[in-house]
1. Under a 1.4 Å probe, what is the accessible area of the protein assembly as shown per residue, stated in Å²?
2. Taking the simple approach of a point 7 Å from Cα along Cα-to-Cβ for both B:Gln190 and B:Ala114, what is their distance in nm?
3. Distance from the Cα centre of region B:156-178 to that of region A:55-107, in angstrom?
4. Report, in deg cm²/dmol and to the nearest 500, the calculated mean residue ellipticity at 222 nm for the protein assembly as shown, where each DSSP H run with n ≥ 4 adds -39500 (n - 2.57) and the sum is divided by the residue count.
5. Among the trypsin sites (Lys or Arg not before Pro) in region A:2-100, which ones are in a DSSP loop with at most 12 other Cβ atoms within 10 Å of the Cβ? Mind listing them?
6. If you place +1 on the Cβ of every Lys and Arg, -1 on the Cβ of every Asp and Glu, and leave all else neutral, what size is the dipole of chain B about its Cα centre, to the nearest 20 Debye?
7. At most 11 other Cβ atoms within 10 Å and a DSSP loop assignment: could you name the chymotrypsin sites (Phe, Trp or Tyr not before Pro) in region A:12-71 that fit?
8. Please return the longest stretch of chain B lacking exposed loop sites, where chymotrypsin sites (Phe, Trp or Tyr not before Pro) count only if DSSP places them in a loop and at most 13 other Cβ atoms lie within 10 Å.
Amino acid sequence: MSKQRFGQTPSQTVGPFFHFGLPYENDNNLIVGDAQGQRIVVEGRVIDGQGEPVPDCMLEIWQANAAGKYDHPEDTQDKSVDRGFHGFGRCSTDKDGIFRFHTVKPGAVPGPGNTLQAPHLVTFVFGRGMLKQLLTRIYFEDEAHNVNDPVLGLVPNARRSTLIAGKTGPATYKLDIVLQGNGETVFFDY
Amino acid sequence: MADVIPYNREEKSAQPPSLYMPYKSTEFRAPKQPLVILPHTLSEVTGPVYGHGRVLPIDADLTKQHAGEPLGERIVVSGKVLDENGRPVSNTLVEVWQCNAAGRYIHARDQHPAPLDPNFSGAGRVVTDAEGNYKFTTIKPGAYPWRNHPNAWRPAHIHFSLFGPSFINRLVTQMYFPGDPLFAFDPIYQGIPDVKARERMVSRFDMDTTVPEWALGYKFDIVLRGRNATPMED
Ligand SMILES: [Fe+2]
């Protein structure tokens, strides 16, 4: 074990003018080829503590592929990486605070111990007025395994619904992200 | 699958709170409910380490992205990305963006009445080498006013975005320049609780990377979270 010698660099806000500086190929579309699994749209609106849409936010998501495999060396599961799919997406909110990702429904992934985590998107929220990013998750209402999910299990019952996207179409899921106030989204200390 | 090796947690004195009233826009954008403590799972210790798109040499030289030379003081910004244990973070994407020498962003919503520079966009990206080193050539950004409080000015800064080996390492920060008189008045800089930790965001002038007859050198090292073991050592 090595001793910690270097202090963490502090986080600072992404500011209002990030849009030209954080271009990303495929941006909010994680499908880069013939991806396996169900293609879905995940959309919603970011809302502030006064109930107003937040037009200068950026969301980033990280997710497993349809088989529940992360494209990363520390995912040692005996499953294949999907070359038609990129697990990372980035989307700025528009003038109405709306974000939208085009992706595939992730599979379940291993959790602590012998648990299984229900399909979810790890989600970071960045924005002007946010000195550091906020971490949340987006789950899907039509997944039976949500009830056994070890992370949802850490969240007070009454607040779990803030992490679960509703099904609004055959392949569309919707979840608003409320930064503060009524229906405030659960954010994680990580 | 074996349990994952967690990363260190946030260093509280070095990281800002979400609510910091001197920075007014935090008032309605900071959660009021307690955060839920999340143990790191496979979802957090993995992250986008492949396929950051094609990064070209021109992306690392912000002075060569247009037909002519941008106005301003040419600088070379370089440094190392490492973790808390001093291990270099190799092959990771570093994205930067900044205003021009007059303090104006190319962004459509920037209303500061300072001139745009037709030869400067102000965005770059680079991937760190095997030792975690990165290097950009750019021009020194200007200070600019904002509306947070009367006569509010941001110290000159370059925005930095980093990925690191896991999603938990994701960092967006700002690099400042040594001795800026605006530090004392800037609630974004002041939002970091520990005074010494604030100084980690300040680059230092460096004669070794200063290019004779060409550009001043500034060094800025970036420290991401570490962990108490690596998967290889287990
Ligand atoms: Fe800025």
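The values are calculated or read from the model by the stated rules, or taken from the named source; none is laboratory data. All values derive from a computational prediction rather than experimental measurement. Because the Cβ atoms are built from the backbone with ideal geometry, glycine has one as well, and the counts that use them run over all protein chains shown. Quick note on the areas: whole protein, heavy atoms, side chains included, nothing else; ligands and nucleic acids left out. Shrake-Rupley method; radii C 1.70, N 1.55, O 1.52, S 1.80 Å.
1. So the protein assembly as shown comes to 41 Å² accessible per residue, rounded to a whole number.
2. For the pair B:Gln190/B:Ala114, the computed spacing is 2.1 nm.
3. That distance is 21 Å.
4. It comes out at -500 deg cm²/dmol, rounded to the nearest 500.
5. A:Lys3, A:Arg5, A:Lys95
6. 680
7. Sites meeting the loop and neighbour criteria: none at all.
8. The longest such stretch corresponds to B:51-213.
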